[in-house]
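What follows is one structure encoded as structure tokens, with my remarks underneath.
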Amino acid sequence: MPPNSSSAAIYSTTKTNSSSTSLQLQPFSFLWLLLFIVSLHVTILLMARAVPFYNRRTHFPNPVSDPCSSGRIFVYNLPLVFNQELLDNCHELDPWNSRCEALSNGGLGRKATGLSGVVPEELIPAWYWTDQFAMEVIYHNRILNHKCRTMEPDSATAFYIPFYAGLAVGKYLWSNYTTKDRDRYCEMILDWVRDQPYWNRSDGWDHFTTMGRITWDFRRSKNEDWGSRCIYMPGMRNITRLLIERNPWDYFDVGVPYPSGFHPRSDSDIFQWQYFVRNRQRDTLFCFAGAPRGAVKNDFRGFLLNQCMNASGLCRVVDCAGTRCSNGTSAILETFLDSDFCLQPRGDSFTRRSIFDCMVAGSIPVFFWHRTAYLQYQWFLPNDPKSYSVFIHRDEVKNGTSIQSVLQRYSREEVKKMREKVIEFIPKIIYAKPENGLESIKDAFDVAIDGVLKRNKEHEQPGYKWK
């Protein structure tokens, strides 16, 4: 054996033994590693279970909400005879006076004057002498700029028919016009709409329109009766109709607020106005703005005027006989601002614009008919009538119930709470000035459109389609 053979043999033996030992230890090392990993997983799971679920959820970002999740609106491009030509001929819409000024400024009317010292100076530019029948023009201008308007009818949830039904019929309600005159425009628009493929696809159930007068102006059942028969015409049955007064028993009638004079330019205008009416010093318990109907037997307004005049200075009256309370006076606004409560009987129909003038001023409405507000404007007013208003049945007043006594039973704290509810809902009963709406606050227009889109979404569910 050569001299180095022994060393080589020893090295070879050592290497062989080392490899053998390594191979014997590997299974034990793998087992320990496996046990360590399993125990680590168990520990993590136990720790995770000890963390409350709501804490763990906060680590996940909230998804971005879709402002048009309820759907999109397609606006029909109607022949101009149904809207723009009516505005162009505004001097012909009324048999006595031109309507041009009332319909100017996108339906807001002329800028208000005479309000210095009545409202905050910086808010005067937000006030207009708005006509109560201008709703159609206001809605049309706003909807053209709505964030959920689509130019693709296939993607629409709702189809808007921008027909100025109220302006079209208004002129023909008076004088010696025939029933054919009163029905002509509505017959024309329905003929046009029924030629549209999207109306035929649904029979009109996903369509809506604005009718800027009370529903009874469109519900003539006999030729000798008042108004047109537009709502009773074939084709109108399934169309949702936004009106300033609805028939409570017609699902497709939706009552929306009368336009009032306050048209905020921004969220800041809303907050400032709410602060103003909340902190207003009110020196009168209640008020009434209106005129008696001398030709009406047992006229209820006469009862209210008598009680108000006999209230020993606790009630303030604004006599609206003739045209004293027509658009363009601050007397009513100032009266509402100074009063805790405002009496709201029915008008020529069950509703009256004064309801909204009163509430915008932070005054608490007193109703005598359920149909004056509670069955009219459910989308826009609090669910609990007692939270923001007082109800005294008209028969109780006729039988001698003292309105003053009823209102004096409310404590100052109760009055404050009710007024706060009225102030909270002011944004929902006014129409903002910007054509694309306010920054973050939803006004009456927004509430109405959201409601239409929501009900159309419901119509898409089984059992909702109207055929």
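The values are calculated or read from the model by the stated rules, or taken from the named source; none is laboratory data. Predicted, not measured: the structure shown is a model, and the values here were computed from it. Virtual Cβ from ideal backbone geometry, glycine too; neighbours counted across all protein chains shown. Only protein heavy atoms, including side chains, enter the accessible area calculation; ligands, DNA and RNA are left aside. Shrake-Rupley method; radii C 1.70, N 1.55, O 1.52, S 1.80 Å.
Evaluated at q = 0.10, 0.18, 0.21, 0.22 Å⁻¹, the base-10 log of the normalised Debye intensity for region 218-316, with identical point scatterers placed on the Cα atoms, takes the values -0.60, -1.02, -1.06, -1.09.
Rounded to whole numbers, the Karplus 3J(HN,Hα) couplings from phi for region 408-418 are 6, 6, 7, 6, 4, 5, 5, 4, 4, 5, 5 Hz, using 6.51 cos²θ - 1.76 cosθ + 1.60 with θ = phi - 60°, and x at Gly and Pro. For region 92-166, the equivalent ellipsoid built from the Cα gyration tensor has semi-axes of 30, 19, 7 Å, listed from largest to smallest. Taking all protein chains into account, the per residue accessible area for region 231-285 stands at 36 Å² (1.4 Å probe). Heavy atoms of the protein chains alone define the surface here; on that basis region 322-467 has 44 Å² accessible area per residue at 1.4 Å probe size. Across region 248-261, coupling constants 3J(HN,Hα) worked out from phi with the 6.51/-1.76/1.60 Karplus curve, θ = phi - 60°, read x, 9, 10, 4, 7, 7, 10, x, 10, x, 4, x, 10, x Hz, and Gly and Pro carry x. How big is D, in µm² s⁻¹, for region 267-429 by Stokes-Einstein at 25 °C and 0.890 mPa s if Rh is the Kirkwood radius over C-alpha pairs? For these conditions, the coefficient is 153 µm²/s. When a 1.4 Å probe is rolled over the protein heavy atoms, the share of accessible surface on region 267-429 that falls to carbon and sulfur comes to 47 percent. Diffusion coefficient (Stokes-Einstein, Kirkwood radius over C-alpha pairs, 25 °C, 0.890 mPa s) for region 117-265: 146 µm²/s, rounded to a whole number.
In the context of the full protein assembly, ASP203 retains an accessible surface of approximately 50 Å², using a probe radius of 1.4 Å and ignoring ligands and nucleic acids. Sorting GLU187, GLU121, GLU136 on solvent-accessible area from highest to lowest, probe radius 1.4 Å, gives GLU121, GLU187, GLU136.
Okay, which of region 428-448 sit inside 13 Å, backbone N to the point 7 Å along the Cα-Cβ direction of LYS147? Residues 436-443, 446-447 qualify, since their backbone N sits under 13 Å from the label point.
Ligands, DNA and RNA aside, LYS417 has an accessible area near 150 Å² when probed at 1.4 Å. Each Lys and Arg Cβ is given +1 and each Asp and Glu Cβ -1; about its Cα centre, region 143-184 then shows a dipole of about 200 debye. Given +1 at the Cβ of Lys and Arg, -1 at the Cβ of Asp and Glu and no other charges, the dipole of region 267-429 around its Cα centre is 340 debye to the nearest 20. Here LYS147 is the anchor, and the lysines within straight C-alpha reach of less than 18 Å, apart from those fewer than 8 places off in the same chain, are LYS433, LYS442, LYS454, LYS457.
Close lysine pairs were tallied over region 267-429: pairs 8 or more places apart or on different chains with Cα atoms under 24 Å apart number 8.
Normalised per residue, the accessible area of region 75-215 is 42 Å², obtained with a 1.4 Å probe and no contribution from ligands, DNA or RNA.
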